[in-house]
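These notes concern the structure reproduced below.
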């Protein structure tokens with residue numbers, strides 16, 4: 001079965017939900033992330049799921065606990081639950097898949113908005129209100145924001 005991915009804007013990224021948790025017995029979610037240079041979520045930790053990144057395009061820097069890892073197209077980074085992590089897009093454009101089986105997909109849906117076109121949203125820094133809203137949504141989905149994005 002082939003379906004058109006759901007197209008969302010999350011922060012300044014475009015996310016395409018290729019596999020919804022509700023559509024498979026294992027509760028897996030596969031989401032494609034399309035991001036501009038320097039996209040970087042706050043440092044955070046997932047308490048109910050691991051997160052696997054498959055890099056499709058571009059160069060990324062990841063932090064996993066105290067380790068810093070650089071990755072590019074073809075690399076896979078696995079982040080077990082309860083590890084402190086974050087990433088930053090180093091290239092002009094980055095694209096990756098995230099594979100999870102916990103509340104991440106629901107958090108994305110709660111924080112995202114439908115994309116009005118098949119492109120990245122406007123690249124504006126988050127307001128303090130948007131940052132606070134994201135922290136509340138993450139907390140409600142067993143994800144704690146711990147600090148500024150990685151350099």
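Observations on the model:
- Global form of region 41-90, assessed from the alpha-carbon gyration tensor, a/c cut-off 1.5: prolate
- Distance from region 111-151 to region 44-84 (C-alpha centre basis), Å: 18
- Take every Cα pair under 8 Å whose residues are at least 6 apart in sequence, average their separation, divide by the length of the chain, and the relative contact order is 31 percent.
- Residues in region 1-24 that a label on residue 118 would reach, taking backbone N under 20 Å of a point 7 Å out along Cα→Cβ: 1-10, 13-20
- Under a Gaussian network description of the chain, with springs only between Cα atoms under 10 Å, the residue in 64, 136, 117 that fluctuates furthest is 117.
- Here the calculated FRET efficiency for residue 142 and residue 3, from their Cβ-Cβ distance with R0 = 25 Å, stands at 0.35, rounded to the nearest 0.05.
- Relative to the current alpha-carbon distance between residue 91 and residue 106, full extension at 0.36 nm per residue lengthens the span by 2.6 nm.
- A Gaussian network model of the chain, with springs between Cα atoms under 10 Å, assigns the largest mean-square fluctuation among 25, 105, 122 to 25.
- As a calculated quantity, the FRET efficiency between residue 25 and residue 73 at R0 = 22 Å, using C-beta atoms, amounts to about 0.10.
- Per-pair calculated FRET efficiency, R0 = 30 Å: residue 84 and residue 18 via Cβ, rounded to 0.05: 0.65
- Candidates 83, 96, 138, ranked by Gaussian network fluctuation over the chain, Cα under 10 Å, top entry: 83
Every read-out reported here was derived from the displayed coordinates using simple, explicitly stated rules and does not represent laboratory data. Note that this is a predicted model, so its numbers are computed, not measured. Note that we place each Cβ from the backbone using ideal geometry, even for glycine, and neighbour counts take in every protein chain shown.
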